[in-house]
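All of the numbers you see were taken from the coordinates with simple rules; none came from a lab. Quick caveat, the model's predicted, so the values are computed rather than measured. Note: ideal-geometry Cβ built from the backbone for every residue, glycine included; neighbour counts use all protein chains shown.
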Amino acid sequence: MNNIFLFFGLSDQVSNVINYVISGLLILLVLIGIQLMSKVKTAKHGNRLSGLAMLFAIIVTLINVEIFTINNFWIIFLAILIGLVIGLIWAHRVKMIQMPQLVAVLNGIGGAASAIVGGFALLGIGAGTDYFSTVTSILAVIIGMITLTGSLVAGGKLHGVIKSKPVVLPFNKLITAILIILMFAVIADGIVGIIEDKLILLIITIIVSSLFGITFTIRVGGADMPITISLLNSLSGVAGAIAGLAIGDVLLVSIGGIIGASGLLLTQVMCKAMNKNLLDILLGKTTVNRKKEIVETKEVIDNEPMEEMDQVAVLKTAKNVIIVPGYGMAIAQAQHLVKTLADKLIANGANVKYAVHPVAGRMPGHMNVLLSEANVDYDDLYEMDDINPEFEKADVTIVIGANDVLNPAARNAEGTPIYGMPILNVDKCKKIIIFNYDLKPGYAGVDNPIYRRKHGLGLNLGNAADTLADILTKL
Amino acid sequence: MELLQYILLGVFLLSTIVGYFLINNVPSLLHTPLMSGMNALSGITIIGAILSTAAAVTTDYEIVGYIFGSLAIIFAMINVVGGFAVTDKMLKMFTTKGDKDE
């Protein structure tokens, strides 16, 4: 870092060039970091490398603004310190089950920071007053505020503070349309300048975009939540990039752009996994179309008494076992018991695999994180396409708190929210043992025909932690 | 528009393209850590927060500048630190037989 200090006092041009070179190097570090994060073995290093790049970026920025020449500069250091401490405390205290909420909230406040930067820029602070600066700063405020309110609503739903069922406001489409038009209007006003007072324009922008963030996430239901979180994540990157355009900072523009685009790609990957169209989710189509009743083909064997299954005997003799975890396992905090169960089965000579649906849980990869917390080897976690052919051959499938991701209705119940979603072929398995809270439909609200099976079904209703512990004592 | 602004737009487009191709075939195992890692990176807006605060407090409205500026810095910093720390915590849990032998 000494070099930077040495070059101080040289002409602006030289230090400009140096700045661009440093920015370029930091961008490269971040790119390598993200690339490393897409492989399990190198992911940890990738994350740390990105963190290091960020640390350098902050130091370089502090040097660039000649921090020690600013009045009361200690306030800036104090703010950095406060953020640092709060961030560390949050990260330290969070339980893995709360990850989705934490990511949502972190996302939201990142968006808020970008919105504030955009707000300053709109008032001509740190940015010019030309059209480009004005329009980009309005955009930064809009996207930043949408990210903030959207993430807070999503986080509230995930945390159970707000009802998690999709809420469809009266005149939802009309309200959305009006808000979108108003957002375009404030952007246009940045050029036309009908509202001369920038402060009033800023306040209007904040109100309109905050409302839009709320109306857009409040109608998203559980099954679409992982995709929404991922999308908001991408948006917070875009907000940063556009704030960067407003204040003319290359590093901010570039890294924000990378995050925005790769976040969008990740969102698309998930959409594909659920066979959903991103636009449909944005417009709330998939979650509101649930009025239609499901017409189930009545099974002929309806009157036949349900065959009792001796679950303990089945588990004791099983050689090939597949475990399907879902959000219920997360709520019950049952991942450690699941691991204990698996260990017992393995001790009995069984081969245990975990089938993880791409959108099981409330955020992408949620189940993987929880199972890893319980020390499950990640080599034993199988993705949907790899494990689906194996259900037929398996002796028993154990379902823990999962419902929608294995609901065969997804194959044929048109008009339901899960229709067309690829599912785990649990119904192909000879014997199924289910640990679920109740027989109510899952998050998506669609009845699961598996529960009406007469053969090879063992049901354990109640808190998965209790029912699992019960079975474990008998094994 | 000034030259710098054209450059910035170019950088923006280029980065989005690079970003789009960067994440190829990420195993869903890594979706959560990757997302929270990128979430931490989106806190890069901390740079913007520092720059605008530094600019704001040299205007006539030093106090207002510090209030909102500090807020932005605190927010962005929580985003950055919390994001990286929690991602690290998560990734430490991902283990396989091979790792345990080490």
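One quarter of the convex hull surface built on the alpha carbon atoms of the protein assembly as shown amounts to 27.5 nm², the projected area averaged over directions.
Around the Cα centre of chain A, unit charges on the Cβ atoms of Lys, Arg, Asp and Glu (plus for the first two, minus for the last two) sum to a dipole of about 480 debye.
Highest mean first, how do A:424-431, B:54-61, A:393-400 rank when packing is the count of other Cβ atoms within 10 Å averaged over residues?
A:393-400, A:424-431, B:54-61
Of the peptides B:28-41, A:339-352, the order by per-residue mean of other Cβ atoms within 10 Å, starting with the highest, comes out as B:28-41, A:339-352.
Length, then width, then depth: along the principal axes, the Cα atoms of the stretch A:15-70 run 45, 21, 8 Å. The label point for B:Ile17 and the one for A:Leu461, both projected 7 Å from the Cα toward the Cβ, are 5.9 nm apart.
Dipole magnitude for the stretch A:99-286: about 820 debye, using +1 per Lys or Arg Cβ and -1 per Asp or Glu Cβ, origin at the Cα centre. A simple spin-label model places pseudo-atoms 7 Å from Cα toward Cβ; at A:Ala313 and A:Leu25 they are separated by 7.2 nm. Both radii come from the Cα set of the stretch A:99-286: Rg as radius of gyration, Rh as Kirkwood radius; their ratio Rg/Rh reads 0.98. For the stretch B:14-102, a crude dipole built from +1 on the beta carbon of Lys and Arg and -1 on the beta carbon of Asp and Glu, taken about the Cα centre, is about 280 debye to the nearest 20.
Summary value for the stretch A:363-461: 27 percent relative contact order, contacts being C-alpha pairs under 8 angstrom separated by 6+ residues.
Against chain A, whose longest principal axis is taken from its Cα atoms, helix A:131-159 shows a tilt of about 30°. Distance from the Cα centroid of the stretch A:154-193 to that of the stretch A:416-460 is 35 Å (rounded to whole angstrom). On the principal axes of its alpha carbon atoms, the stretch A:49-158 extends 45, 31, 27 Å, with the longest extent given first.
Taking only the C-alpha atoms of the stretch A:161-267, Rg followed by Dmax gives 16.1, 44 Å. Estimated from helical segments only, the mean residue ellipticity of the protein assembly as shown at 222 nm is -20500 deg cm²/dmol, where each DSSP H run of four or more residues counts as -39500 (n - 2.57).
In the stretch A:300-474, how does Rg compare with the Kirkwood Rh, expressed as the Rg/Rh ratio over alpha carbon atoms?
Looking at the stretch A:300-474, the ratio lands at 0.93.
Axis of helix A:12-36 versus longest Cα principal axis of chain A: the two differ by about 0°, to the nearest ten degrees.
Treating the Cα atoms of chain B as identical point scatterers in vacuum, please give the log10 of the normalised Debye intensity I(q)/I(0) at q = 0.12, 0.15 Å⁻¹, two decimals. Results for chain B at q = 0.12, 0.15 Å⁻¹ read -0.64, -0.85. Projecting the Cα positions of A:Ala185, A:Ile143, A:Asn71 onto the charge dipole of chain A (unit charges on Cβ atoms of Lys, Arg, Asp and Glu, taken about the Cα centre) puts A:Ile143 furthest along the positive direction.
With contacts taken as Cα pairs under 8 Å at a separation of at least 6 residues, chain B carries a relative contact order of 31 percent.
The order of A:Phe212, A:Phe435, going from fewest to most other C-beta atoms within 10 Å of their C-beta, is A:Phe212, A:Phe435.
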